[in-house]
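The values are calculated or read from the model by the stated rules, or taken from the named source; none is laboratory data. Keep in mind it's a predicted model, so treat the numbers as computed, not measured. Positions of Cβ are backbone-derived with ideal geometry, glycine not excepted, and every protein chain shown enters the neighbour counts. With ligands, DNA and RNA removed, areas are computed over all heavy atoms of the protein, side chains included. Shrake-Rupley method; radii C 1.70, N 1.55, O 1.52, S 1.80 Å.
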Amino acid sequence: MFKKKTWIYIAAGAALALALVLFIVLRINLTTVRIAFYGVDQRTENSVKAQIDKMKLGRVRYYDLDFGAALPKNIQKKYSILIAKNSFELNSRAESFVPVNENLFEALPISIRKATVYGQKHYALPLLLDHFEIAYYQISEKKLGLERPRTYGALLRYLEALKQGVEIPLVCAGANDTELFGFVSAMAELLYGAEDYKKAVAVLRESSNMNKDNLPEAIARVLDEIKALQERELLFSKWTKTSEKDISFFMQERKIGAVAMLLSKRRDIEYNLIKYYDSEYFPKYDNSVEHGVIAPQTVAVLLKDKKQASLVLGQLTSSEIQADLSNGSFLAPVASRAEAYDRQADDIRFWAASCAAGPLNSIEQECENTNERRHLLAQKIRAYLER
């Protein structure tokens, strides 16, 4: 039989061991960097993970959040960093995030810095840029002796001239909701300019009752302009039902004179087809007003003011890591001196930097926060365009 004193020693030892275990678990929990991804494509997510893993921070855990649902309200309690597409939802919750150190923006062009300003502070750090582009079929362009359009009026004349060489002057894979929103957004921005585009989207967001057939006047005017393109046979009449596979087929058959699409979608098209299409930003109706480019941004949000988490953000805008991010994601870097994946990616950074309003979100990022509501709004736009 153990003596009473022995039992006391055993109990004390057990309590000490338990306390030590709890201390270790707590320390691991406090030092673990928990990084959540939301609405980021797999290629970009893998690229970001690869760069963070190279930082050798110690314990890092990754989580994929359901992009089909709204961003969790208690996200700050569970994660250290959020990697996501920039959106109105992030902006609306900016006060609950940890402001990003201003020094981290020194490597970014001034116009790109504007993308995540809330009040006097930044709620997120831009990492990469996508872009909704118009790409011109160079063979038809050269054969017809066409000059690249720099205004919307010139674009209309360009598309009219393309009828002599191709069956479809302009097309977009509008069966895809993201591509549909991108095209409508690009058309709205080119017609209105950046500030009025933002106002039009804000009205759409505030009035997006899916039970009503009507659309805000400012958006309806844009859709009417798109319908006019369809009626003039400058835009493929069935573009709202056209898929990415259809686009590839049309390219193979040399039917397309120009195509509107996201850079990230361009990357998925066979090189032997897409190499003949030269990317540009959408020409503007009135170049005297301030414009931006529809360029969805992948951003990093600091959710907890932890040393390790801040260290991650501190390195993500370095020229070396920015170049690696671009090479891994095929998107455009945001740092001024970082090497881009290719000419298309480099051009996007230049366009975003040279436009006074910088990169702008599409309607998709600005209006809806669930897959169901995004699709309902897309269907509402299709119904308007097809009637």
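Data for the structure
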read-out: Criterion (assigned to a loop (DSSP other than H, G, I, E, B) and under 21 Å from residue 253 (Cα atoms)) met by exactly one of 166, 171; value: 166
read-out: Residue match in segment 186-197 (condition: among the charged types (D, E, K, R), touching an Asp or Glu at 6+ places or on another chain (Cβ under 7 Å) and modelled with pLDDT of 95 or more); value: yes
read-out: Residue among 88, 37 that is touching an Asp or Glu at 6+ places or on another chain (Cβ under 7 Å), open to solvent by 60 Å² or more (accessible area, probe 1.4 Å) and not hydroxyl-bearing (Ser, Thr, Tyr); value: 88
read-out: Helices (runs of 4 or more DSSP H) wholly inside segment 242-281 that include at least 3 residues being out of contact with any Pro (no Cβ under 6 Å at 6 or more places or on another chain) and within 20 Å of residue 141 (Cβ to Cβ); value: 244-252, 271-274
read-out: Check on residue 95, more than 22 Å from residue 351 (Cα to Cα), among the charged types (D, E, K, R), modelled with pLDDT of 95 or more and assigned to a helix (DSSP H, G or I); value: no
read-out: Selection status of residue 327, polar (S, T, N, Q), in contact with a Phe, Trp or Tyr (Cβ under 9 Å, 6 or more places away or on another chain) and outside any loop (DSSP other than H, G, I, E, B); value: yes
read-out: Residues (within 12 Å of residue 181 (Cβ to Cβ), in a loop (DSSP other than H, G, I, E, B), out of contact with any Leu (no Cβ under 8 Å at 6 or more places or on another chain) and of a type outside the set (Ser, Thr, Tyr)) located in segment 352-376; value: 361
read-out: Segment 131-155, subset crowded, with 17+ Cβ neighbours inside 10 Å and out of contact with any Asp or Glu (no Cβ under 9 Å at 6 or more places or on another chain), residue farthest from residue 276 (Cα to Cα); value: 155
read-out: Options 191, 262, 229; residue that is closer than 16 Å to residue 360 by Cα, over 21 Å from the mean Cα position of the chain (by Cα) and surrounded by 17 or more Cβ atoms within 10 Å (Cβ to Cβ); value: 191
read-out: Flag for residue 56 being at positive phi, assigned to a loop (DSSP other than H, G, I, E, B) and open to solvent by 40 Å² or more (accessible area, probe 1.4 Å); value: yes
read-out: Some residue of segment 29-39 being at pLDDT below 55 and farther than 30 Å from residue 88 by Cβ; value: yes
read-out: Flag if residue 23 is at pLDDT below 60 and part of a loop (DSSP other than H, G, I, E, B); value: no
read-out: Inter-residue pairs, beta-carbon under 6 Å, first at pLDDT 95 or above and in segment 257-274, second assigned to a loop (DSSP other than H, G, I, E, B) and open to solvent by less than 20 Å² (accessible area, probe 1.4 Å), 6+ apart; value: 257/166; 262/130; 263/130; 263/131; 264/130
read-out: Cβ-Cβ under 6 Å pairs, at least 6 apart or on other chains, segment 191-207 side touching a residue at least 40 places away in the same chain (Cβ under 8 Å) and under 13 Å from residue 292 (Cβ atoms), far side crowded, with 18+ Cβ neighbours inside 10 Å and not hydroxyl-bearing (Ser, Thr, Tyr); value: 193/291; 194/291; 194/292; 194/357; 197/188; 197/189; 201/363; 201/366
read-out: Those residues of segment 59-68 which are under 30 Å from residue 369 (Cβ atoms) and either surrounded by fewer than 16 Cβ atoms within 10 Å (Cβ to Cβ) or polar (S, T, N, Q) (or both), in sequence order; value: 61, 63, 64, 66, 68
read-out: Pick from segment 281-310, criterion in contact with a Gly (Cβ under 8 Å, 6 or more places away or on another chain) and among the charged types (D, E, K, R), ranking: least open to solvent (accessible area, probe 1.4 Å); value: 284
read-out: Enumeration of residues in segment 198-241 that are of a type in the set (Asp, Glu), at pLDDT 95 or above and assigned to a loop (DSSP other than H, G, I, E, B); value: 233
read-out: Residue count, segment 59-82 (criterion: free of Cβ contacts under 8 Å to residues at least 40 places away in the same chain and not in a loop (DSSP other than H, G, I, E, B)); value: 6
